[in-house]
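Structure first, commentary second.
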Amino acid sequence: VSGFPFFRGAGDLRPAVGSVLVDRAVQLEDGPSRDLDGNPRTAGASADIGAYELVY
Amino acid sequence: LCGALVACSGRCSCLPSFGGGCEDIPIVRSDAGRRDAGGLDAGSSFDAGPPDAGCTPLCDPLACGPGRDTCGREVLCECEPGSECGEGTCRPRAPVLYFSDLTSGPRTGWEGSDTLGAAVTVWGRHFGASPEVRVNGAVAEIAHRATSEGPPPLERITFFVPGAALDGPGSITIESSTIVSNELPFTVRDGRIFYVTFLGSDDFDGSWMYPWQNLSHAVAQAVPGDLIYVRDDAAFRTLELDRSGTAELPIAIAPVPGSTLVLGPSTSSAVITSMLPGGSPAEHWVLSGLRVTSTGECADARTGFRIVGSSFRVADEATGAACVVVTGDGVDVLGSAFVMGAAARDYAAIAARGTAGSLVPEGDRELAYNQVRGGTGAAIRIASDGAPIADHFVHDNAIFDSGGPAIAFGANVAGDHRVFTNLVVRAGSGASADASHAGLRFDLGASSTARVSVAFNTVYDAGAGPGALESGAIFLGPGGELILSNNVFASEGRPLVADGSTAPPPNDYRNGWLGDDAPLWDRAP
């Protein structure tokens, strides 16, 4: 996966609104249930790529 | 224009619809959107400043997610702190428990009480303003609360096991806003509670009224299942653990709620040593809430060790293999902070390895929710020149500015391993020209049969060290089976996959690659 945008900005590596990372993860059998902020891993149709899930 | 690593200004966000251009996207909390467009989240990196005259966000009551304003622009309706967005609606956040220091303890004996038992600390998120802790069905008295911003952000609560708790195996839960958390396993069992303070005497009996003075004296009296609490911000040079607990009855050391226990620096060996008089390793200890300063190794973590919620500060020129050296089975290092000085080149924050001279496999180790800053070597190194090691779960760690790789897997690694949800920033920044500068490094050896699942990690700006050896977000050596999915690799001006890497079989691994082209092996078939 590549393209823009990725992150919210310098110093904040959470996905930006409209990020190409959002809802793009492939499903893993034994994947984590939460992101690094403790939010549920899948907030949308699929999990987001990276350590953070975009939450509102 | 924006994109790659070029961020928009604080007023704007980067939008693909602009071909990498900056556009205002005000983030609006749902209630602010309802009442007053001036209530923008001033702390957000998307802060759009005062809204344009006449453009009012159209956020429905209690709604969240993408929306529009009256000018037709896209806005994001956020929930209030303490609530989360679910299917477009704001709702209270469910409390989440990550781990506890003790997994068993008595329900009586705190200060000699018949109604309060062991002081237990739990870590997690979203505890809310007025949480209620339950242990085996009984409500517990809360003694202390604290929060660290992280990353990873961690809230913690210390409470006393209630006298009304049912004996035997059960669980700890937290209820907040009528929502009950997940369960952490906890067993209510018998056990003695002792206290240490510099105002005490080793001629006393170790009770609250008559505490001991020296931690070494308390350790010398300990039998499996004992709990030793240190009062009044006591400090000791070393901690020699020369006896063992058992898997069901570990021995624990922790400060009393709200106090601190300072250890080190040692002038000779590791600050915390774990060795029985006969030379065998001491096993099954819980060490919680320590503040350790070291000029060498900090702690030997052996079978059944649980090092939790502690902080470690390593001096410049520190020698040894690592701050925390892990050997044996069933070892946990959780929720601890490491501040690493310019130690010896290969010095790691945590080194998980096998017992020297042994061929018996070791494993079942969890290294999680830790924060590591600085250092010269790898932050977390998993490799053995002794017994083969298996089953490492490395997750939810945040690692900044490590000189070597943030997470490195090396020789003699067998079995299954998971590396999930770690944040890695500016790893591989060390000056050693002949050391790896990769953010993540997997060099299992051509004959390895280990299986490592690496997923949902973010690796940002790795490989900046001047040496440039293996400079990149990730280095992939030969051997083993590596499942590399859903990770973000982002750097500017450096390779994302370090030179010399071995390409995995082509697949749609779905990693995010920013700053360089995605490798050919990570593309949809």
Next item on the list: Output the residue which, of all residues in the range B:154-198 that are modelled with pLDDT under 95 and farther than 16 Å from B:ALA140 by Cα, is surrounded by the most Cβ atoms within 10 Å (Cβ to Cβ).
Entry: B:SER177
Checklist line | Any hit, the range B:107-127, residues being without any contact (Cβ under 8 Å) to a residue 40 or more places away in the chain, surrounded by fewer than 19 Cβ atoms within 10 Å (Cβ to Cβ), farther than 26 Å from B:HIS284 by Cα and among the hydroxyl-bearing types (Ser, Thr, Tyr) | finding: no
Next item on the list: Report yes if some residue within the range B:387-400 is within 16 Å of the chain's Cα centre (by Cα), in contact (Cβ under 8 Å) with a residue 60 or more places away in the chain, buried (at least 24 other Cβ atoms within 10 Å of the Cβ) and assigned to a loop (DSSP other than H, G, I, E, B); otherwise report no.
Entry: yes
Check: Take the residues of the range B:356-383 that are surrounded by 24 or more Cβ atoms within 10 Å (Cβ to Cβ), of a type outside the set (A, V, I, L, M, F, W, C) and in a loop (DSSP other than H, G, I, E, B): which is nearest to the other protein chains (Cβ to nearest Cβ)?
Finding: B:TYR369
Item checked: Residue ranges of strands (runs of 3 or more DSSP E) in the range B:428-524 with at least 3 members surrounded by 18 or more Cβ atoms within 10 Å (Cβ to Cβ), on the phi > 0 side of the Ramachandran plot and polar (S, T, N, Q) -> none
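Filter the range B:401-427 for residues that are assigned to a loop (DSSP other than H, G, I, E, B) and surrounded by 24 or more Cβ atoms within 10 Å (Cβ to Cβ) and give the result.
The answer is B:SER402, B:GLY403, B:GLY404, B:PRO405, B:ALA406, B:THR421, B:ASN422, B:ALA427.
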Check: Here is a list of conditions, (1) within 14 Å of chain A (Cβ to nearest Cβ); (2) over 22 Å from the mean Cα position of the chain (by Cα), and B:ARG426 meets all of them except one; can you say which number that is?
Finding: (2)
Margin query: All but one of (1) within 12 Å of chain A (Cβ to nearest Cβ); (2) modelled with pLDDT of 80 or more hold for B:PRO106; state the number of the condition that does not hold.
Written below: (1)
Notebook entry, point to check: Counting only residues that are more than 7 Å from chain B (Cβ to nearest Cβ) and buried (at least 19 other Cβ atoms within 10 Å of the Cβ), how many does the range A:1-19 have?
Noted result: 4
Next item on the list: Give the range B:70-97 a look and list any residue that's touching a Ser or Thr at 6+ places or on another chain (Cβ under 7 Å) and within 17 Å of A:ALA16 (Cα to Cα), or say none.
Entry: B:CYS77, B:GLU78, B:CYS79
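The values are calculated or read from the model by the stated rules, or taken from the named source; none is laboratory data. All figures in this text were calculated on a predicted structure; none of them were measured in a lab. Glycine also receives a Cβ, built like all others from the backbone with ideal geometry; neighbour counts cover every protein chain displayed.
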